[in-house]
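In what follows, a structure is listed as structure tokens, so that the remarks can point back to it.
The values are calculated or read from the model by the stated rules, or taken from the named source; none is laboratory data. Note that the structure is predicted; figures quoted are calculated from it, not measured. Don't worry about glycine lacking a Cβ; one is built from the backbone with ideal geometry, like all the others, and counts go over all protein chains shown. Heavy atoms of the whole protein, side chains included, go into the accessibility calculation; ligands, DNA and RNA do not. Shrake-Rupley method; radii C 1.70, N 1.55, O 1.52, S 1.80 Å.
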Amino acid sequence: LSTLLVFFYFYNKNSKFKLYVHKLLTQLPFFGNFLIKIDSATFASTLAISHGSGISILESLDYAIDSVQNFQIKKQIKLIREDVKKGVKLSKSLSNFQYSPQILFHMIKSGEVSGSLEDMLLKASKMLESEVEQDALKFASILEPLLILIMGGFVLITVLAVLLPIIKINQLVIN
């Protein structure tokens, strides 16, 4: 319990520690990819809505940065924003983005070429949201049997805790 308290204290007070934790979370085998897809969908959706409503791409990127939860991904998007500010195309800057799903990169690139960036960002967002839902269902289907086994273990421990003293008393009476 004290370890958790210390962890949450450093997590809330130290931004470098928070950045480190978020980087570790993105590197987890299944869960990391899941978090990346969630933040990428949020990024694409926010960027599409804000840019589609007439806001400049730089200001739209600021809104997209604020909408992302993972600090490691925020850091990367800030670098993208700086590249775009220098005149680099969004798709070119996104190609260096470590946490971007390939579908997002390709949709943004085709949106820039065709002139329908907002539409492509919305499509990418919907596709990523769909993948997140599918991954959540897969995770739940994997987790269900595991939870049943854990609950069975708790029931077994409870039953043994009740029956073992009764069996010992019974043995004492017989002897």
Open item on the list: One residue is enough: does segment 132-141 have a residue meeting the conditions within 33 Å of the chain's Cα centre (by Cα), farther than 30 Å from Ile36 by Cα and among the aromatic types (Phe, Trp, Tyr)?
Closed with: no
TODO: Evaluate the following for Ile103: is it among the hydrophobic types (A, V, I, L, M, F, W, C), in contact with a helix residue (DSSP H, G or I) (Cβ under 9 Å, 6 or more places away or on another chain) and open to solvent by less than 100 Å² (accessible area, probe 1.4 Å)?
DONE: yes
TODO: Give the residue that is modelled with the lowest pLDDT, with candidates limited to residues of segment 17-30 that are closer than 18 Å to Val68 by Cβ and open to solvent by 90 Å² or more (accessible area, probe 1.4 Å).
DONE: Tyr20
TODO: Exactly one condition in (1) open to solvent by less than 100 Å² (accessible area, probe 1.4 Å); (2) in a helix (DSSP H, G or I); (3) not β-branched (Val, Ile, Thr) is not met by Phe154; state its number.
DONE: (1)
Task: Hits in segment 50-78 (condition: assigned to a loop (DSSP other than H, G, I, E, B) and of a type in the set (Gly, Ala, Ser)) - done: Ser53, Gly54, Ser56
- [ ] For residues that are without any contact (Cβ under 8 Å) to a residue 24 or more places away in the chain and under 10 Å from the mean Cα position of the chain (by Cα), tally how many sit in segment 32-53.
- [x] 1
